[in-house]
Amino acid sequence: MKIAVIVNSSKKGSEETSREIQNQLSKYEGVDFFVSDGVEIHENINMIFVVGGDGTLLRTVSKAVELNVPIICFNTGKVGFLAEVSSVDGVENAIKRILEGDYEIENRSLLELTYHDQLYYALNDVSITKDEYTNVIKTFVQSQGKTITSFQADGILVSTPTGSTAYSLSAGGPIISPDVDAMLMTPVCAHVLFSRPMLFKGSDIIRIGAESKKSVLINVDGKKIAKFTGTDYFEVTTSQKTIKLIKLHDESFYTKLQKKLLQWTVENNN
């Protein structure tokens, strides 16, 4: 078995957790691993360990999908909705269970979009947003070839159920269980009285776009992939591929949600 250990060294505690992971993996015969501070993986591997937070995992999604290997996050970030191991003390037991096959795989849906012949996958969301020098932008939403809505806003999001607890949550969107086959459209600071999030079937094709005399940003899981001026559109749909998350606990989504949101609230109020 070969494991890639992707470490976000900018996160406090990541180096300590990485050292403990390496120490534990070294105890097992037939296990090979390498450590990287980036997401470029050029070797054949069986599994990815991410050391950092949700953002580190999100930056590794495309590679995990491309290689069709499972992934687990050892959290050293703040909240870690996607993390399975929350402290360095849990590393030994986690690795023991993983290498003994004592875990489950949870398949999470992905968004897929092609922009200028480049294919992108998103575990959380795809968004069109104004840049810092732009006022509001005019946004457009179409589904199955029909116009759904158009409004002035700071931006617009299309999210997976997993992404409903990310940027969309902060923008006022609903929380959706990750096993629901759906896509969520959430306006960001819309300049209209009656703008609401909308839920679409997972099989729908959503076409979103924007118009502005200044710059508009296209983002995938929070990372800018393109910038345009004028008017542009692209299509988003649920991918046939999924991301395979290693699960060590049978904790329900709602229990984890309450725990993480409470932790988030406490940390932000201190």
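Looking at (1) touching a Ser or Thr at 6+ places or on another chain (Cβ under 6 Å); (2) more than 25 Å from E104 (Cβ to Cβ); (3) of a type in the set (S, T, Y), which is the one condition that is false for T17?
Condition not satisfied by T17: (2).
Only one of these is free of Cβ contacts under 8 Å to residues at least 60 places away in the same chain, within 19 Å of G13 (Cα to Cα) and either under 22 Å from the mean Cα position of the chain (by Cα) or not assigned by TED's automatic domain parsing to the domain that holds I208 (or both): G52, G30. Name it.
Result of the check over G52, G30: G52.
Check the stretch 205-213 and report whether any residue there is acidic (D, E), touching a Lys or Arg at 6+ places or on another chain (Cβ under 9 Å) and at positive phi.
no
Can you name the condition, by its number, that G172 falls short on among (1) surrounded by fewer than 17 Cβ atoms within 10 Å (Cβ to Cβ); (2) on the phi < 0 side of the Ramachandran plot?
Tallying (1) surrounded by fewer than 17 Cβ atoms within 10 Å (Cβ to Cβ); (2) on the phi < 0 side of the Ramachandran plot, G172 fails exactly one: (2).
Tell me which of these G163 doesn't satisfy, since it passes every other one: (1) out of contact with any helix residue (DSSP H, G or I) (no Cβ under 7 Å at 6 or more places or on another chain); (2) within 22 Å of F228 (Cα to Cα); (3) not in a loop (DSSP other than H, G, I, E, B); (4) not polar (S, T, N, Q).
Condition (2) is where G163 drops out.
Determine whether N68 is closer than 19 Å to L245 by Cβ and not charged (D, E, K, R).
The answer is yes for N68.
Is it the case that some residue within the stretch 117-125 is without any contact (Cβ under 8 Å) to a residue 24 or more places away in the chain and surrounded by fewer than 18 Cβ atoms within 10 Å (Cβ to Cβ)?
Yes, the stretch 117-125 contains a residue that is without any contact (Cβ under 8 Å) to a residue 24 or more places away in the chain and surrounded by fewer than 18 Cβ atoms within 10 Å (Cβ to Cβ).
Kindly indicate the residue of the stretch 176-197 that is among the β-branched types (V, I, T) and modelled with pLDDT of 95 or more and also surrounded by the fewest Cβ atoms within 10 Å (Cβ to Cβ) among those meeting that condition.
For the stretch 176-197, the residue satisfying everything is V180.
When the residues of the stretch 166-220 are filtered to those that are touching a residue at least 12 places away in the same chain (Cβ under 8 Å), among the hydrophobic types (A, V, I, L, M, F, W, C) and not in a strand (DSSP E or B), which remaining residue is nearest to N107 (Cα to Cα)?
Across the stretch 166-220, the extreme among qualifying residues is V180.
Please give the helices (runs of 4 or more DSSP H) falling wholly within the stretch 31-149 in which 1 or more residues are within 28 Å of S177 (Cα to Cα) and at pLDDT below 95.
Output list reads 54-58, 61-67.
Looking at the stretch 210-231, which of its residues are more than 21 Å from the chain's Cα centre (by Cα) and of a type outside the set (K, R)?
A210, E211, S212, S215, V216, F228, T229, G230, T231
Restricting the first residue to the stretch 83-94 and requiring it to be closer than 14 Å to F49 by Cα, which pairs with a second residue that is assigned to a loop (DSSP other than H, G, I, E, B) and of a type in the set (A, V, I, L, M) meet a Cβ separation below 8 Å and a spacing of at least six or different chains?
Partner pairs satisfying both residue conditions: E84/L248; V85/L248; A94/L248.
The values are calculated or read from the model by the stated rules, or taken from the named source; none is laboratory data. All figures in this text were calculated on a predicted structure; none of them were measured in a lab. All Cβ positions, even for glycine, are placed from backbone atoms using ideal geometry, and neighbour counts span all protein chains on display.
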